[in-house]
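Asker: Please read through the structure below; I'll follow up with questions.
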Amino acid sequence: MIAEIICVGTELLLGDILNSNAQFLAQELARLGIAHYYQNVVGDNPDRIKQVLAIASQRSQILIFTGGLGPTPDDLTVATIADFFNTPLIERPEIIEDITKKFAHRGRPMAVSNRKQALIPQGANILPNPIGSAPGIIWQPVANVTIMTFPGVPTEMKMMWQETAVPYFHNQGWCGETIYSHTLKFWGISESTLAEKVAPLLEMKNPTVAPYANFGEVKLRISARAESQESADKLIVPVEQQIRDIAGIDCYGINDESLAAVVGKLLLDQGETLAVAESCTGGSLGSMLTSTPGSSQYFHGGVIAYENQVKITLLDVNQEDLMVEGAVSHAVAKQMASGVVKKLGTNWGISITGIAGPGGGTDTKPVGLVYIGIARCKDEVESFEYRFSPLRNRDWIRRVSACTALDLLRRKLYWSNERQQYEKT
């Protein structure tokens, strides 16, 4: 069986909404072992939806639609599919009852326009939506073609997929060998350098190893095809260990682990605390740290010292150094880091000061110049200079600056832990 993903929505074509549904469905199909060769994005236009259907129904046996199931006039997916297969729409009273109950639970009457969502092709089965008003359908309009429709809202789509679609695929016997992956994450090494180090592994057939990069982070995805996840794991784990041995400390985590979470675990394990002082990142670093549940156990807080007087007043930065060296300098980065440690009483302090652009750069201090300070208590302090590409946008420079600061601390905590373990032996 070959599946095809068809995402409906003009907002997707315009780039107003990131198409995360396609990514989720592609990953799920790989996990289930269902072949998947094509994806389509089409606007809210009946003629173009039919054109996509005409092609997809000839080359794929499972057509998975997302989007266009709402009550508004531009929600056309189900009606267009029914029209393509010359099938009338039938109002299903159980859908109206379900929608009415959901509106009543919110203390609101069901709008007349929502009755449209109760119309499904004659002969189709309902794909229940536990949390939203738009149900989907499971329908075989012709031999060897099964159509499934899902809302565009990711939370609704994912729940419907797990609760109904996955069991349906298993019951139909459509699931084959699974493709399962581990993704190793790296910071502080370029994609090309890492690829050279693991070059022989990139030629493997099963499992396969593929590099890719985004926002300064490099990833190696190790994927194996096998009868089960357990069997795939047995193929993946030895390769994963080889890569870890080759990459060493440049590998910071796996799968969904974030730099902030890894740093947090190291701080917890060593019983230490952290505070941050941010200028050009404007709170990005603190936001990353607090995105991890339980971060209050090791993260005390931070100071967003965007204006120079705030650096002087709250972080004890020397006014003369600001005038002579400038806010973007080794001296100021060091004083910001030690100042936040002193003010918030933590073991560690990180500071970031730089020029994120697009303006504000000079020949001597261009856009992308960033200084990161790291203080261990208030007396041990270092600073590091980075020159990120001025061709990148402001958000990229801010994000990469914050991640680089986390990685610097990660490496210091790692070696500190290694020393402690060595001393114990």
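The values are calculated or read from the model by the stated rules, or taken from the named source; none is laboratory data. Note that the structure is predicted; figures quoted are calculated from it, not measured. Positions of Cβ are backbone-derived with ideal geometry, glycine not excepted, and every protein chain shown enters the neighbour counts. Ligands, DNA and RNA are stripped out before the accessible areas are found, and what is left, the full protein with its side chains, is counted by its heavy atoms. Shrake-Rupley method; radii C 1.70, N 1.55, O 1.52, S 1.80 Å.
Asker: Run the simple label-point estimate for GLU227 and TRP415 please: 7 Å along Cα→C-beta, distance reported in nm.
Answerer: Reported label-point gap for GLU227 and TRP415 is 4.9 nm.
Asker: Please give the residues of the range 73-103, grouped as numeric ranges, whose backbone N is less than 14 Å from a label point set 7 Å along the Cα-to-Cβ vector of GLN58.
Answerer: No residues fall inside that zone.
Asker: Quick one: which of 402-409, 299-306, 250-257 comes out on top by average Cβ neighbours within 10 Å, and what's the full order, highest first?
Answerer: So the order, starting with the most tightly packed, is 402-409, 299-306, 250-257.
Asker: For the range 303-425, report the accessible area per residue in Å² (1.4 Å probe, heavy atoms, rounded to an integer).
Answerer: That works out to 53 Å² for each residue.
Asker: How much of the accessible area of the range 198-355, probe 1.4 Å, is carbon plus sulfur, in whole percent?
Answerer: Solvent-exposed carbon and sulfur of the range 198-355 make up 50 percent of the total.
Asker: For all pairs of alpha-carbon atoms in the chain, what percent lies in each bin of width 20 Å, listed from the first bin to the last filled one?
Answerer: 22, 40, 32, 6, 0
Asker: Within 14 Å, Cβ to Cβ, of ASN40, how many net charges do the neighbouring residues add up to if Lys/Arg are +1 and Asp/Glu are -1?
Answerer: That works out to +1.
Asker: Also, I was wondering about something else. Quick one: Cα convex hull volume of the range 1-120, Å³ per residue?
Answerer: Dividing the Cα hull volume of the range 1-120 by its residues yields 135 Å³.
Asker: How big is the Rg/Rh ratio for the range 169-313, C-alpha atoms only, Rh by Kirkwood, two decimals?
Answerer: Rg/Rh: 1.11.
Asker: Now for a separate question. Need the full-extension length gain, ALA104 to ASN214, defined as separation in residues times 0.36 nm minus the C-alpha distance. One decimal, nm.
Answerer: 35.1 nm
Asker: For a label point 7 Å from the Cα of LYS378 along Cα→C-beta, name the residues of the range 302-329 whose backbone N is under 18 Å from it.
Answerer: So the set is 302-303, 311-319.
Asker: With r defined as the distance between the Cβ atoms of ILE246 and LYS365 and R0 fixed at 25 Å, what FRET efficiency is calculated, to the nearest 0.05?
Answerer: The formula returns an efficiency of 0.10 here.
Asker: Once the Cβ-Cβ distance between GLU307 and VAL142 is put in as r, and R0 is 60 Å, what FRET efficiency do you end up with, to the nearest 0.05?
Answerer: 0.35
Asker: Run through the DSSP bridge list for the chain and note the antiparallel percent, rounded to the nearest 5.
Answerer: The antiparallel fraction comes to roughly 60 percent.
Asker: Now a separate question. Hey, any idea what % of the range 80-187's accessible area is carbon plus sulfur with a 1.4 Å probe?
Answerer: Of all accessible area on the range 80-187, carbon and sulfur atoms account for 53 percent.
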